[in-house]
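Encoded as structure tokens, the structure appears first; notes follow it.
What follows is calculated from the coordinates using simple rules that are stated; it is not laboratory data. Model, not experiment: these values are computed from the prediction. With ideal geometry, Cβ positions are generated from the backbone for all residues, glycine too; neighbour counts draw on all protein chains shown.
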Amino acid sequence: MKRLAWSREVYFAGLLSPAVLSVLLILSLPIAWLVRISLYPQDQSYDLSGFSAVHYIKALTDDLYLESLARTTLYSLIVTVGTAIIGFPLGYAAARGRFRRWKIFFIVLPLTLSLIVNIFGWIMILGQNGLLNSVLLSLHLLDQPRQFLFGVGTVLLVLGHTYLPFQILSVMSVVAQIDPMLEEASASLRGNRWVTFRRVIIPLARPGIVAGSTIVFILTISAFIIPQLIGGTSVQMYAVLVFQQMMTVLNWPFGASLSLVLLAVALTFAALFRIAGRTPEEQTGALAK
Amino acid sequence: MSLSRFGICATALCALALAHAPARAQQKEFEGTKLVVNGFGGNLDDVLVESVSKPLKEQYGITVEIVPGSVASAYAKAMTSRANPAFDVLVTDDITLRSAAKAGLIEEVSAADVPNMAQLYSNFMPLAGYGLPFFASVCALAYNTEHVKTPLHALSDLARPDLKGRVGIFNLESIGGVVSLISLAEANGGSIENVEPGFAKFKEIKPNLATATSAPAEMYNLLQRGEIWASWFWSGRVNALIDQGVPLALAVPKEHLRGNLDFASLVKGTKSRGAALKLMHQITSAQTSLAIARSVYFGPTNKTVTLPPEIEKRVLPYGAEMIASMPPVDWDTVVAKRSGWIERWNREMR
Amino acid sequence: MPWQNSRLSLLGWGLFQVAAYFVLALPSLVIIGASLNPASTFSFPPRGLTLAWYMKAMETPAFTDSFLLSVELACLATALSLLAGTPAAYALQRYRLPGLQSLHSLLLSPIVIPAIVLGIGLLMFANLIGIGQGLAALLLGHFVLTLPYVVRTLISSFSLFDVVLEEAAQSLRASWPVVWFRVILPNIIPGLLSAAIFAFVTSFGNVALSIFLVSGSAATLPVQMFAAVEHSSDPTLAAVATFVILITGAIVLCIDRLANLQRLI
């Protein structure tokens, strides 16, 4: 019994090691560099020396950055919840329904567009000379073109659109593993459709929703290209500020401390999501196929 | 094609290649050397390939590798590869040039190293041999003549009520945006030290803004589609739009034109110094200047260049007179103050 | 589906899906349309139909070379992260140890670290181990970037997969390769499929990180597109994007077909 236990540990360590070791190896220098750079007192990218937490103090007390962090977190939660609500039924239908190959193609479609091309596409759709305005004008729902681009709503829409596929695919992969017999069993026990959904499907698909939400949240909170290009002046998401410090102002120490703050927030939420998704796991392990 | 046909073609090609081989037998000075330089992308890179890479290959046997990306990412790459430089020649703009020089990334060259240096406009070389300018560009007013009936004369005209929601400008992440701040400040009683009047003007323009972007590609697209009708944009790009048939007009603002330069700098520690100097000589030549002006309408930095009449009026800046009349920008102060300006912008313009 | 038995709800459901997929496809449709426009401006609907831009794209070595590189890189990165990520996800899901949460966070961190920061850091690392910019550095970067998706997706896959089946196999004295290849893997095919798609598409479309790791001779397609758009803005870009859409679609369908085949075995 003892020998079996020991070899089980080795087994798990062996399974984990390629991934963990390679990530540690590859990321250790970048993260160490990031941490070290964030502790320099200077405001530039060269001639750096000394230790100071001055940039962290600024990152955590300056209202511009705190407000941006709060706002970005809120936006990310909105996008995450939105994509979860829309993505779950779509993922379910993609796993169970017909035309699966086509659905997968359409789901992956937004992911294939390079960011800048994606932006150009949205400009063509939402701009004052764009598709949406032409349609609304011809239907007489508007009498002159309205600016749909450049605002918080647009940024959230485009971010949601870009990251929705991740949620759908995540749900789809999990639902595909749920034995259809369970749903039929529930139906045969006179459970109506909503009860089946609520009591059987959602709990079983929960890990998928959680995984998808984690990915969407992390991607949204660190997005900077889309908000920069489609947000106009009013939307200042956190990663855009990081970009400004690292690439434009070349204040690497401050940029690094902002990055680490962002990393901490994102990982905290990832952990919260994991805890939220964990409770029914024990049971579902026994019920699923 | 069938196998035998393929075979014949292959043999013919081989014979052709062998026939040419003796002609190339003579050794070129830098045969086999590879140079890495950062580029811009698109048409400008095509010009560099034609005017720089090809002649260098033919004359000296140098292979030039142009790495796509932004000036900022190239700077970051150069900063992190000092022991084994990622670039042999670094292309920089006004701001990164100064940062690179301060960081000890680049080396000064002399007219003895790069003979064409003597042909460059002297007020285009603020850091002497640290960076050799190979094109100049300006931002000017651009407006759509189909929709904007009264011409624009000044940057502050962008605040005109008839332009509501149809104005696009650069934000302070773009070097063009920085220039607009300085122009507005200096024209309204301020200076580079006191940019208050500049920000006041921005606030006036704000209600008209569709967007304040940092990406020229976006501004280009918006102007092209008529989404924005008035802008502060690189004159070369506006000319490219005009060539495509977009009804735009360029106007020199009352607040004066201020030039931006792009430089070629020798990277410290490069393993192919001799070849790199040849590249710098070629990139600052009259031939390259002319090709750039023809292709993307940027201003030549080589004094000996005479532009043909059909593009003379369209290229800005051009001519000793115009260049002498452009107020200089104290880029060192810009580098020091920019982060404060950007924060101010973030607070005020949201 | 068992719970859809009223005609109206079926119709509503169908409409919702059609609408959703239409919106998902909209930017792509617009870009495909723009790529066919004869004038050299980006506009939709196109004023005519032409394949000239596709011809131009295929004659641009910057696009064709980088396209091949991107495909190669995406395949390699996907393969590597599936190989490393699947066992890791399994261990993270099955094993209960306090320290595991931090390992999980470690494996997720690459997507949170802003791409610029990760790019600069990875470049330093690449210079340190002597590989510099180029394909090797890109592979390292893309591997580390695709791994989180694989791990996260497969953790949820494993949580649905009944431990009882594995234990049954083990009690029948099956060795671990048998347990893996005959019991575990066949049952998580949908998860593997999802993970492979995520990884491939993420790697293929990545811009922000790749900008730092490309060299002149090894540049990825999105980086070339990003650079090209700075000084030229004709619909060639749309043609390239359309091409990417078609190829990615084809590859994803291949992966799906592979997954289905395995299921039948």
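For each of B:His281, A:His140, A:His55, count neighbouring Cβ atoms within 10 Å of the residue's Cβ, then give the residues from fewest to most.
So the ranking, lowest neighbour count to highest, is A:His140, B:His281, A:His55.
Amide H to amide H, which residues 5 or more places from B:Val64 or on other chains are under 5 Å from it, using H placed in the peptide plane?
Those qualifying (amide H under 5 Å, at least 5 residues apart or on another chain) are B:Leu35.
Could you tell me whether segment B:108-206 comes out rounded, prolate or oblate from its Cα gyration tensor? Rule is a ≥ b ≥ c as square roots of the eigenvalues, rounded for a/c under 1.5, then prolate if a/b exceeds b/c, otherwise oblate.
prolate
If we count every other residue with Cβ under 15 angstrom of C:Ser210's Cβ, Lys/Arg +1 and Asp/Glu -1, where does the sum land?
Computed value for this residue: -1.
If we count every other residue with Cβ under 9 angstrom of A:Gln236's Cβ, Lys/Arg +1 and Asp/Glu -1, where does the sum land?
Net charge in that neighbourhood comes out at +1.
Relative to the Cα centre, what is the charge dipole magnitude of chain B, using +1 at the beta carbon of each Lys and Arg, -1 at the beta carbon of each Asp and Glu, and rounding to the nearest 20 debye? Walk me through the intermediate numbers first.
Values: 34 positive and 33 negative charges, 107 e Å.
With only Lys, Arg, Asp and Glu charged at Cβ, the dipole is about 520 debye.
Determine, for A:Thr248, C:Thr146, the number of other Cβ atoms within 10 Å of each Cβ, and report the residues in order from fewest to most. Could you put the intermediate results ahead of the total?
Values: A:Thr248 21, C:Thr146 29.
The most exposed by this proxy come first: A:Thr248, C:Thr146.
Given the rule -39500 (n - 2.57) for each run of at least 4 DSSP H residues, summed and divided by the residues of chain A, what is its mean residue ellipticity at 222 nm, to the nearest 500 deg cm²/dmol?
On the way: 13 runs with 211 residues, N = 289.
One gets -24500 deg cm²/dmol as the mean residue ellipticity at 222 nm.
Just to verify a number: FRET efficiency for C:Tyr95 and C:Thr64, C-beta to C-beta distance, R0 = 45 Å, to 0.05?
On the way: r = 47 Å, r/R0 = 1.04.
Here the calculated transfer efficiency is 0.45.
From the phi angles alone, apply the Karplus equation (6.51, -1.76, 1.60; θ = phi - 60°) to segment C:204-214 and give each ³J(HN,Hα) in whole Hz, x where the residue is Gly or Pro.
Once rounded to whole Hz, the list reads 4, x, 5, 10, 3, 6, 5, 3, 7, 9, 7.
May I ask which residue of B:Leu152, B:Ala111, B:Leu44 lies farthest towards the positive end of the charge dipole of chain B, with charges of +1 (Lys, Arg) and -1 (Asp, Glu) on Cβ and the Cα centre as origin?
With unit charges placed on the Cβ atoms, the residue in question is B:Leu44.
Evaluate the relative contact order of chain A (contact order divided by residue number), counting alpha-carbon pairs under 8 angstrom at least 6 apart; express in whole percent.
Computed value for chain A: 26 percent relative contact order.
Name the trypsin sites (Lys or Arg not before Pro) in segment A:59-116 that are in a loop by DSSP and that have at most 15 other C-beta atoms within 10 Å, would you?
A:Arg98
Pick from C:Gln17, C:Gln133, C:Gln93: which is most flexible by mean-square fluctuation in a GNM of chain C where alpha carbon atoms under 10 Å apart are linked?
Comparing C:Gln17, C:Gln133, C:Gln93 in the GNM, the peak value goes to C:Gln17.
Quote the charge dipole size of the protein assembly as shown about the Cα centre in Debye, to the nearest 20; the model charges only the Cβ of Lys and Arg (+1) and of Asp and Glu (-1).
About 2680 debye.
Given a Förster distance of 60 angstrom, what is the FRET efficiency for B:Lys28 paired with C:Leu253, based on the Cβ-Cβ distance and rounded to 0.05? Write out the running numbers ahead of the final one.
Details: r = 50 Å, r/R0 = 0.83.
Step by step, r from the Cβ atoms, then E = 0.75.
Count charges around B:Tyr130 for me, please; just the other residues with Cβ under 14 Å from its Cβ, Lys/Arg as +1, Asp/Glu as -1.
Taking every Cβ under 14 Å from that of B:Tyr130, the sum is -4.
Among A:Leu189, A:Leu267, which comes first, then next, by fewest other beta-carbon atoms within 10 Å?
In increasing order of surrounding Cβ atoms, one gets A:Leu189, A:Leu267.
So what is the relative contact order of segment A:118-219, in percent, for Cα pairs below 8 Å that sit 6 or more residues apart?
Values: 69 pairs, mean separation 25.7, N = 102.
In percent, rounded to a whole number, it is 25.
How are the Cα pair distances of the protein assembly as shown distributed, in percent, across 10 Å bins from 0?
Values per bin, smallest distances first: 2, 12, 21, 24, 20, 12, 7, 2, 0, 0.
Can you give the helix-only mean residue ellipticity at 222 nm for chain B, where every DSSP H stretch with n ≥ 4 adds -39500 (n - 2.57) and the sum goes over all residues, rounded to the nearest 500 deg cm²/dmol? All intermediate terms of the calculation are to be shown ahead of the outcome.
Values: 14 runs with 141 residues, N = 350.
That comes out to -12000 deg cm²/dmol.
Over chain C, what is the mean sequence separation of C-alpha contacts under 8 Å (at least six apart), divided by residue count, expressed as relative contact order in percent? Walk me through the numbers on the way to the answer.
Details: 287 pairs, mean separation 78.1, N = 265.
Reported relative contact order: 29 percent.
Lys/Arg Cβ at +1, Asp/Glu Cβ at -1, dipole of chain C taken about the Cα centre: which of C:Gly134, C:Leu73, C:Met58 is farthest positive-ward?
C:Leu73
Going through the cross-link list B:Lys201/B:Lys268; A:Lys58/B:Lys102; B:Lys57/B:Lys77; B:Lys54/B:Lys271; B:Lys28/C:Lys56; B:Lys201/B:Lys313, which pairs have a Cα-Cα distance over 32 Å in this structure? Before the final figure, lay out each step's value.
Working: B:Lys201/B:Lys268 42 Å; A:Lys58/B:Lys102 26 Å; B:Lys57/B:Lys77 26 Å; B:Lys54/B:Lys271 21 Å; B:Lys28/C:Lys56 34 Å; B:Lys201/B:Lys313 30 Å.
Long pairs (Cα-Cα over 32 Å): B:Lys201/B:Lys268; B:Lys28/C:Lys56.
Is the shape of segment C:178-256 rounded, prolate or oblate, going by the alpha carbon gyration tensor and its root eigenvalues a ≥ b ≥ c, with a/c under 1.5 for rounded and a/b larger than b/c for prolate?
Because a/c hits 1.5 or more and a/b exceeds b/c, segment C:178-256 counts as prolate.
Let's see if you can work this out: charge +1 on each Lys and Arg Cβ, -1 on each Asp and Glu Cβ, no other charges. What is the dipole magnitude of chain A about its Cα centre, in debye to the nearest 20?
1260 debye
Residue by residue, what Karplus-based ³J(HN,Hα) values in Hz, rounded to whole numbers, does segment A:229-246 have, using 6.51, -1.76 and 1.60 with θ = phi - 60° and x for Gly and Pro?
7, 10, x, x, 8, 7, 9, 10, 7, 4, 5, 5, 5, 4, 4, 4, 5, 7
Would you calculate a helix-derived [θ] at 222 nm for chain C, using -39,500 (n - 2.57) for each DSSP H run of n ≥ 4 and dividing by the full residue count, to the nearest 500?
-24000 deg cm²/dmol
Which of rounded, prolate or oblate describes segment C:12-84 when judged by the alpha-carbon gyration tensor and an a/c cut-off of 1.5? Display every interim value, and only then the final one.
On the way: a/c = 4.37, a/b = 1.09, b/c = 4.02.
It is oblate, given that a/c is not under 1.5 and a/b is not larger than b/c.
Explain nothing, just compute: Karplus ³J(HN,Hα) = 6.51 cos²θ - 1.76 cosθ + 1.60, θ = phi - 60°, for every residue of segment B:200-207 in order, whole Hz, x for Gly and Pro.
Those phi angles translate into 4, 5, 4, 4, 5, 6, 3, x Hz.
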